[in-house]
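The values are calculated or read from the model by the stated rules, or taken from the named source; none is laboratory data. Fair warning: this is a prediction, and the values are worked out from it, not measured in the lab. Positions of Cβ are backbone-derived with ideal geometry, glycine not excepted, and every protein chain shown enters the neighbour counts.
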Amino acid sequence: MPYWRLSGFYFFYFASLGALIPYWSLYLRSLGFNATDIGNLMAILMATKIISPNIWGWVADHTGRRMAIVRMGCLISMLAFTGVFFSDSFIWLVLVIVVFSFFWNATLPQFEASTFIHLGDQTHRYSSIRLWGSIGFIVAVWGLGSLLEGEAIRMLPMILLLLFAGIWLSSLIVPEEAAGHLSLDHEPLRRLLSRPEVVGLLVVCFLMQASHGPYYTFYSIYLQDYGYSLSAIGGLWALGVAAEVGIFLLMSRLLPLFGLRQLLLGSLLLAALRWLIIALYPESMGLIVFAQVLHAASFGVYHAAAIHYIHHFFTGRHQGKGQALYSSLSFGVGGALGSFYSGYLFEGFGARSMFLLAMLLALSGFLIAWRYLPGESTK
């Protein structure tokens, strides 16, 4: 198994997220966009995940050429992103983001499927590879916090372009045989998608990511408005992902100890607590730090449990489609809705209202998971 080649892709991919998610909204604000415009632009970034992963997942499952799709998506998205250097009008940025994100969002689900194919019956090692993505995120978000203070935020597009180049180059060294051709699955996809536990899982994933909308879109602006410096904000983002790294290191022990169902339920409850704390106590550095540590649960435990459920439910030649559905319904539909409602709530009812709604969405996900998700061991 090419451990370091797989890990390298995750490192650069999530390093780009470490530059994009915390700081892109601040860059857009520096261009003069208001909260509604920022929310809509971030929603577009997420919304292409609704369509893109499913198209490329279907192609990958029928051709077996996952890494070819990953490489193509990395290259075209990098080239498309150069459009941000030509104009900063709202309509132009919409067009650039649509093209960029359509291809960029095609890459990760297929790379995830390739990683699991590499792992074979050692799926418990997924977290030890994926944690390098979290390390990449930390390096980017922490390193850029002090670098991008004030007018230096305008350097962000060039930094992102360099990171996108790193993703493409790292994709070139992962062998195509990592994907291979998968055996035919015995259960038709339509029947699989009619199973209550599968539908329940996808709805839970949608709600969890919709609850993260205010965090991914406005957390940096929210804290900046309460007097936090950009270096402090970058440190808080890094702390959250450091906690995520810690939980990834422990997941191989936690999975057999607690099981997927208990871990997923716990992550949803702790996510609700996290959003409540951020909504009510933004002035308290101690509580904000505690809320960031809960990222270990609201993303780390949640993602690891969800990705194992997806791998368990979507077997054989449905693996690519399963990863695509997970990405499109959670990060796509859920993420887009989260960014969309955040912008309007921020403008109309105040920033705290965003996180209170996020809490309710996480609690709704908990109730659905409690009702529909199976508790049997899934490796």
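Among the residues of segment 83-99, is any of a type in the set (Asp, Glu) and in contact (Cβ under 8 Å) with a residue 60 or more places away in the chain?
No, segment 83-99 contains no residue that is of a type in the set (Asp, Glu) and in contact (Cβ under 8 Å) with a residue 60 or more places away in the chain.
Report yes if GLY334 is surrounded by 19 or more Cβ atoms within 10 Å (Cβ to Cβ) and assigned to a helix (DSSP H, G or I), otherwise no.
Yes.
I'd like the residue in segment 143-159 that is at pLDDT 85 or above and buried (at least 21 other Cβ atoms within 10 Å of the Cβ) and, out of all such residues, is nearest to LEU31 (Cα to Cα).
Looking at residues that are at pLDDT 85 or above and buried (at least 21 other Cβ atoms within 10 Å of the Cβ), I get LEU156.
So how many residues does segment 89-126 have that are within 21 Å of LEU20 (Cβ to Cβ) and modelled with pLDDT under 85?
5
A quick yes/no check of all residues on (1) in contact (Cβ under 8 Å) with a residue 24 or more places away in the chain; (2) within 15 Å of PHE102 (Cα to Cα); (3) touching a helix residue (DSSP H, G or I) at 6+ places or on another chain (Cβ under 9 Å); (4) surrounded by 24 or more Cβ atoms within 10 Å (Cβ to Cβ):
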| position | (1), (2), (3), (4) |
| --- | --- |
| GLY8 | yes, no, yes, no |
| LEU17 | yes, no, yes, no |
| PHE33 | yes, no, yes, no |
| ALA43 | yes, yes, yes, no |
| ILE50 | yes, yes, yes, no |
| PRO53 | yes, yes, yes, yes |
| TRP56 | yes, yes, yes, yes |
| ALA60 | yes, no, yes, yes |
| ARG65 | yes, no, yes, no |
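Among what's in segment 285-340 and is touching a Phe, Trp or Tyr at 6+ places or on another chain (Cβ under 9 Å) and among the polar types (S, T, N, Q), pick the residue that is nearest to ARG191 (Cα to Cα).
GLN319
So how many residues does segment 323-341 have that are farther than 20 Å from VAL98 by Cβ and either at pLDDT 90 or above or more than 18 Å from the chain's Cα centre (by Cα) (or both)?
1
So which residues in segment 109-127 are of a type in the set (S, T, N, Q) and buried (at least 16 other Cβ atoms within 10 Å of the Cβ), if there are any at all?
GLN110, SER114, THR115, THR123, SER127
Could you give me the residue pairs with C-beta distances under 6 Å whose first residue belongs to segment 285-308 and is closer than 14 Å to PHE366 by Cβ and part of a helix (DSSP H, G or I), whose second residue is β-branched (Val, Ile, Thr) and modelled with pLDDT under 95 wherever it lies, and which are 6+ apart or on separate chains?
Listed pairs, sorted by first residue: VAL301/ILE247.
Name the single residue that is modelled with the highest pLDDT among those in segment 190-217 being charged (D, E, K, R) and assigned to a helix (DSSP H, G or I).
Residue satisfying both the conditions and the ranking: GLU197.
Failed condition for ALA279, given (1) touching a Gly at 6+ places or on another chain (Cβ under 9 Å); (2) over 21 Å from ALA140 (Cβ atoms); (3) in contact (Cβ under 8 Å) with a residue 40 or more places away in the chain, with all others met?
(1)
Here are the criteria: (1) touching a residue at least 12 places away in the same chain (Cβ under 8 Å); (2) under 30 Å from ALA152 (Cα atoms); (3) surrounded by fewer than 22 Cβ atoms within 10 Å (Cβ to Cβ). Tell me which single one GLY266 does not satisfy.
(2)
Given the criterion farther than 24 Å from ARG130 by Cβ and of a type outside the set (A, V, I, L, M), identify the matching residue among SER342, SER330.
SER342
For segment 353-372, enumerate the residues that are modelled with pLDDT under 95 and in contact with a Pro (Cβ under 6 Å, 6 or more places away or on another chain).
Result: TYR372, single match.
Taking helices (runs of 4 or more DSSP H) that fall entirely within segment 1-104, which contain at least 2 residues that are β-branched (Val, Ile, Thr) and over 20 Å from ALA210 (Cα atoms)?
35-63, 66-81, 90-104
Take the conditions in a helix (DSSP H, G or I), under 28 Å from LEU20 (Cα atoms), of a type in the set (S, T, N, Q) and modelled with pLDDT under 95 and apply them to SER220. Does it pass?
For SER220, the condition - in a helix (DSSP H, G or I), under 28 Å from LEU20 (Cα atoms), of a type in the set (S, T, N, Q) and modelled with pLDDT under 95 - is met.
For SER252, state whether it is surrounded by fewer than 19 Cβ atoms within 10 Å (Cβ to Cβ) and in contact (Cβ under 8 Å) with a residue 60 or more places away in the chain.
Yes; evaluated as a whole, the condition is true for this residue.
Given the structure, is GLY375 surrounded by fewer than 23 Cβ atoms within 10 Å (Cβ to Cβ), modelled with pLDDT under 90 and touching a Lys or Arg at 6+ places or on another chain (Cβ under 7 Å)?
Criteria met by GLY375.
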